[in-house]
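So the structure is just underneath, and the comments pick up after that.
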Amino acid sequence: MSQTADEPLFQRLVVGADGSAEAHDAVALGAMIASASGADVSLLGVYPTALFPIKGMTDRQTERRVAEKALEYERRRWDIAASVHTTSDFSIPRALSHHAERWKADVIVVGPGVNAAEGHASISPRSRQLLGSGHFGLAIARRGLAESDPQLHTIGVGYDAAPESELALEVAAGLARRSGAELKLLTVVDDRLPMLSARQWMTLTEADLKSMWESHREQAAQEARKAVEEYHVTATIEAVRGDPAECLRAFTQQLDLLVIGSRRWGTLARVLAGSVGEALVADSQCSLLMVPRPAAPRGRGDRSRAVEQPAIQQGS
């Protein structure tokens, strides 16, 4: 996904919109990403189908007109040159997925779950069906985005030198470059104690442990600086020790959008959350963009610190 400055970062976005407050937030995020990426936008309204129409109930044509009216309102409100589509389906996520596949979309944008707190993003039980359902990214808007300042001022990225995070950095750097947003990179060394033999535990001292994790933190910071240099952007880089999920969740307090890669399991180029992704889609304090794992190794290869067994450095 290497682009020049004039090429779009994404080609197409699909945004689900049904006139609800959550849909307003989704369209606001879709407009932000489209503006920063150069992507075309498709607004999709999904209305239910009655298998056995009952006299006196709303008919299919009326449902479609209501859906079209909601989409036209969103298009005018955000002044976006979006195409408008409606479809009938019992499952909104299934309709979004099918439309994204037909339209060859890069990203599906959804609103926050109904239980998301104000200012927070979390995936709804229905939208969870979109995780792993296609070869597209998934963006989740934070609650209240449409009523606040829907602009990209600060973009963050979680980085661990794995191919998935390389792609996330490429996307985040591209969005920051095109939007003028500040780019922040966080790399986390998981310092939860590794599995060691009894002999290693007997020879391990507190000084050894501290030296080991500090060495890994410095290495992570150096890798992050080298990675950022390749994209010719200015970024604030922070390397910390801790639980990656908790550190990234705290990181979202500083951001308008966090870009992360999906998990490394399997060979499919799809969005699969993994443990860190699960924590973030459950509760983030900014909007979230998950990009699908690349179909083949990228860049510097998979050197994720999350799966390494760090060597024990003996003290003198």
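The values are calculated or read from the model by the stated rules, or taken from the named source; none is laboratory data. Computed from a predicted model, the values in this text were never measured in an experiment. Cβ coordinates were reconstructed from backbone atoms using ideal geometry, including for glycine residues, and neighbour counts include every protein chain displayed.
Points to keep in mind about this one:
- Selection count where residues are touching a Leu at 6+ places or on another chain (Cβ under 8 Å), assigned by TED's automatic domain parsing to the domain that holds Arg225 and assigned to a helix (DSSP H, G or I), scope region 135-167: 0
- Test for Val233: is it in a loop (DSSP other than H, G, I, E, B), of a type in the set (A, V, I, L, M) and either modelled with pLDDT of 80 or more or under 24 Å from Gly137 (Cβ atoms) (or both): yes
- Subset of region 93-120 [touching a helix residue (DSSP H, G or I) at 6+ places or on another chain (Cβ under 8 Å) and buried (at least 19 other Cβ atoms within 10 Å of the Cβ)]: Pro93, Leu96, Ser97, Ala105, Val107, Ile108, Val109, Val110, Gly111, Pro112, Gly113
- Unmet requirement for Glu74, which otherwise passes all of (1) at pLDDT 90 or above; (2) assigned to a helix (DSSP H, G or I); (3) surrounded by fewer than 24 Cβ atoms within 10 Å (Cβ to Cβ); (4) not hydroxyl-bearing (Ser, Thr, Tyr): (3)
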